[in-house]
Amino acid sequence: MYPAHTRYYLGFNLVPGLGPARLARLVACCGSLERAWHADAFDLAAAGIDARTSAALIATRERVDLDHELERAERLGVTLLTIEDAGYPRLLREIPAAPPLLYVRGALTPADEWAIAVVGTRSPTTYGREATRHLAGDLARAGITIISGLALGIDAIAHTAALEAGGRTVAVLGCGVDRPYPERHRDLAERIIARGALVSDYPLGVAPAAANFPPRNRIISGLSRGTLVVEAGARSGALITVEFALEQGRDVLAVPGSIFSRQSAGALQLIRDGAALVTSAEDVLAALDMTTAGAQCEARRELPADPVEAALLAELGYEPRHIDELGRAVALPAPTVAAALALLELKGLARQAAPMQYVRAH
């Protein structure tokens, strides 16, 4: 059973031309999501919604049965995640104009906060294939979720390597999650659903189209702490993901390739421009300060937060607080506070900004 707001986010997602920025303006103008869905022509104009989009919204309201659409998603095994839901990916929520609604087949988990995007050319060399298998497999074994786009070449190799390593992987699609593309990757898509998720912000039934793929790249980078380019030509679509990553304040990393290979031209340029040079999974983990990913993911599974941890976490912010101050705030003895903070550190939820001074990790 979904909260009431889900059906309205679903409805808005079916309106052509109504992106996150316009939706935010409309909701701000109307005062609530429900009122925005029922907005009249005056409210739409006041929110700066153009006539074409306003007409599309009105037509969608008349045409679409939101309850039927919710039932359709359920029948297809698709989970709807809105930006207001606790399960919405934290890293993605932080990007500019984050997608208000995600369609998910499979499951996103807290472990997926430890994620790296692995992208590259659709026509890799033998070197590129082997480098991708090696890096994505080792990262998956270290507890890192591999994010990519299910495309031919580097994407598919990265997903497959993560699965073969027993890890998690997420594929972001430029079409509806009920229509994985390309067709030859249907079996791979099913394997990903079992050990990760297919994700899209495109409505169910949307066919793959060339115009859909560049925008979906913002989600690939947005779900990830950093984007790793293995092989990419000078005009590779993978470089669009890099542009989004930089706009989102995320790190970019690249694998050096042959100076004689066209497929390496884009990656080599990234390194010249300052991208971190990668020759091993350890390079990635060190560059992104993720060397404790496996231990922290295991800790989150095995050490659920207790009331003491929850109380301390509620007191932590982005300004450092001394352990003694935290102890007074939660009215607990110093040994109890120290032990709980140690567990929060292990889970990646808190860190020491200075000796005995703690902040939230994220």
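Laboratory data are not the source of any read-out in this text; all were calculated from the coordinates shown. Please read all numbers here as calculations on a predicted model, not as lab measurements. Here the Cβ positions follow ideal geometry from the backbone for every residue, glycine too, while neighbour counts run over all protein chains shown.
In deg cm²/dmol and to the nearest 500, what is the mean residue ellipticity at 222 nm of the chain if only DSSP H runs of at least 4 residues count, each as -39500 (n - 2.57), divided by the residue total? Each step should come with its number before you reach the end.
Values: 18 runs with 171 residues, N = 362.
Value at 222 nm, helices only, nearest 500: -13500 deg cm²/dmol.
Note on the chain: antiparallel DSSP beta bridges, both residues inside, total approximately 40 percent of the bridges counted. Matching the structure-derived P(r) over Cα pairs in 10 Å bins from 0, in percent against the labelled list (1) 5, 24, 32, 24, 10, 4, 1; (2) 5, 26, 35, 25, 8, 1, 0; (3) 5, 22, 28, 24, 16, 4, 0 gives the label (3).
Backbone phi angles across region 280-288, fed through the Karplus curve with coefficients 6.51, -1.76 and 1.60 (θ = phi - 60°), yield HN-Hα couplings of 7, 4, 4, 4, 5, 4, 5, 5, 9 Hz in residue order; Gly and Pro are listed as x. Of the residues 99, 230, 116, the one whose Cα sits farthest towards the positive end of the charge dipole of the chain is 230 (charges of +1 on Lys and Arg Cβ, -1 on Asp and Glu Cβ, taken about the Cα centre). Distance from the C-alpha centroid of region 192-226 to that of region 20-53: 26 Å, rounded to the whole angstrom. With both labels modelled 7 Å from their Cα along Cα-to-Cβ, the residue 64 to residue 324 distance reads 5.8 nm.
Using Cβ contacts closer than 10 Å as the measure, can you line up 2, 181 from fewest to most? Write out the running numbers ahead of the final one.
Values: 2 16, 181 20.
Fewest-to-most ranking of 2, 181: 2, 181.
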